[in-house]
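One structure is given here, and the rest of the page talks about it.
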Amino acid sequence: MKETVFTVEATPIVYGQGAAAETGFHLARLGVTKALIISDPYIADLGITQQVRDAIGERDVATDVYTQARVEPNETSMLEAIAYAREGGYDGFVGVGGGSSIDTAKVAALFATHGGELLDYINKPIGQAKAPPGPLLPLVAVPTTAGTGSEATSVAIIDFPRLGVKTGISHRYMRPRVGIVDPLLLRETPSAVAASCGLDVVCHAVESFTARGFDTRESVGPDERPPYQGSNPVADMWSTKAIENGGKYLRRAVADPNDIEAHSAMMLAATMAGVGFGNAGVHVPHACAYPIASLKHEWVPAGYPTDHAFIPHGFSVTVTAPASFRFTHEAAPERHTEAAMLLSGGKSDDLAESMEELMRDVGAPLTLTELGYSESDIPTLVDGALKQQRLLVIAPREPQAEDLASVFKASL
């Protein structure tokens, strides 16, 4: 029997210029008396972390600050944050920064609440994929990038360099209690960060919209319904608007860090895409992205506010997106065409070409070769992508190993 039911869950969102000033109100409303703010060094140096801390203090909520969240968090950085979070007696958490900081805060809240070992909760086949035994201590997410939509999702992504793959923890209890989305926090966003994050928004939305329908899965009970259920009418509304915003505003946001209209539109698109893919899911480009980002740590992204080698998530996703969408097109041509028209402002019905044009215009890497990969790496990349079965099963055309090899080869 095919599925007839889908679930839509979404974080309550507080959106608008100056919204960050309300962070303390929402923590106090949730009963938090002592919160750990998790952020990264760059956001702390800009003064944004302290700005949020001051707003929280106005509501008499005590805070400590942890500013060592790593851009593209890995196993080591997560374990360090977990250890810190367990020792402070916190009854709430705040993630301030990009998806890396918010994901770190999600994981910290999980282990401060329930304990255990990291691999207990990590998705299979890397970990055991245990469900958290109950709700987590409250988490309020304050994004400072227009990218991951982590404030609206139930997943946290972690790099495991020793295994050569990224994976994550995914469960509805991981979703923040409140997302505070303030476009004024984007005023210092470097162009490279805006480009990578914005491309991630677009891919989230396109993959969600083109995912296989929720009603093509076998029916399961509510306790077994996966977080990524496949496309559905409600997720589609969020995703299509996010695609449209990405095509209309991302180029402007990358070109001008002071274009508040463009950055506001992209920040809203990030949250909308988060709601969309947080319920429908993502597929082939994201499955390919995880081994791309984890297998090699040699590329230093120009213009990023960090000096360590890594491939920003948005770039690792989009570098195979054109080839991925060429592969999936035949399974859902109408949806691919509609996404292309939304992304191109009605100028093109070819999704792969529309993606390539957007990537080129914002200065993103266009090939795996630019990122240091060669044809000899393809078998290892395929192996890493095949580990992302929770994503591949909702692809409109589910790829086999040889299909993924063709996608990677076409992306060199």
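The values are calculated or read from the model by the stated rules, or taken from the named source; none is laboratory data. Given the structure is predicted, the values throughout are model-derived calculations rather than measurements. Counting neighbours? That spans all protein chains shown, and the Cβs are built from the backbone with ideal geometry, glycine included.
Each row is one residue, and each column tells you yes or no for (1) of a type in the set (F, W, Y); (2) surrounded by fewer than 24 Cβ atoms within 10 Å (Cβ to Cβ); (3) touching a residue at least 40 places away in the same chain (Cβ under 8 Å); (4) touching a strand residue (DSSP E or B) at 6+ places or on another chain (Cβ under 8 Å).
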position: P226; (1), (2), (3), (4): no, yes, yes, no
position: A253; (1), (2), (3), (4): no, no, yes, no
position: P257; (1), (2), (3), (4): no, yes, yes, no
position: G278; (1), (2), (3), (4): no, no, yes, yes
Does at least one position in the range 184-194 carry a residue that is surrounded by 24 or more Cβ atoms within 10 Å (Cβ to Cβ), part of a loop (DSSP other than H, G, I, E, B) and in contact with a Pro (Cβ under 8 Å, 6 or more places away or on another chain)? yes
Kindly indicate the residue of the range 291-322 that is in contact (Cβ under 8 Å) with a residue 60 or more places away in the chain and either among the β-branched types (V, I, T) or not assigned by TED's automatic domain parsing to the domain that holds G198 (or both) and also surrounded by the fewest Cβ atoms within 10 Å (Cβ to Cβ) among those meeting that condition. T306
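Need at least 1 residues that are more than 21 Å from the chain's Cα centre (by Cα) and at pLDDT 95 or above per element, so show me which helices (runs of 4 or more DSSP H) inside the range 321-404 make the cut, counting only ones lying wholly within it. Steps first, please.
Details: elements: 321-328, 333-344, 351-361, 378-386, 389-392.
Of the helices (runs of 4 or more DSSP H) lying wholly inside the range 321-404, those with at least 1 residues that are more than 21 Å from the chain's Cα centre (by Cα) and at pLDDT 95 or above span 321-328, 333-344, 351-361, 378-386.
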Just name the residue that is farthest from the chain's Cα centre (by Cα) out of those in the range 22-66 that are loosely packed, with under 15 Cβ neighbours inside 10 Å and closer than 28 Å to A273 by Cα. R29
Looking at V142, V107, which is the one that is more than 18 Å from L27 (Cβ to Cβ), at pLDDT 95 or above and not assigned by TED's automatic domain parsing to the domain that holds A293? V107
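Each row is one residue, and each column tells you yes or no for (1) farther than 21 Å from M341 by Cβ; (2) hydroxyl-bearing (S, T, Y).
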residue	(1), (2)
D182	yes, no
L186	yes, no
A192	yes, no
S196	yes, yes
V201	no, no
V206	no, no
F209	no, no
F214	yes, no
G221	yes, no
Determine whether the range 215-222 contains at least one residue that is in contact with a helix residue (DSSP H, G or I) (Cβ under 6 Å, 6 or more places away or on another chain), in a loop (DSSP other than H, G, I, E, B), surrounded by fewer than 21 Cβ atoms within 10 Å (Cβ to Cβ) and not basic (K, R). no
Quick check on my filter: what residues within the range 291-308 are of a type in the set (A, V, I, L, M, F, W, C) and assigned to a loop (DSSP other than H, G, I, E, B)? W299, V300, A302
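Residues checked against (1) hydrophobic (A, V, I, L, M, F, W, C); (2) surrounded by fewer than 21 Cβ atoms within 10 Å (Cβ to Cβ):
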position: H336; (1), (2): no, no
position: G345; (1), (2): no, yes
position: L358; (1), (2): yes, no
position: A364; (1), (2): yes, no
position: D377; (1), (2): no, yes
So in the range 59-92, with the set limited to residues that are modelled with pLDDT of 95 or more and in a strand (DSSP E or B), which one is nearest to G179 (Cα to Cα)? G92
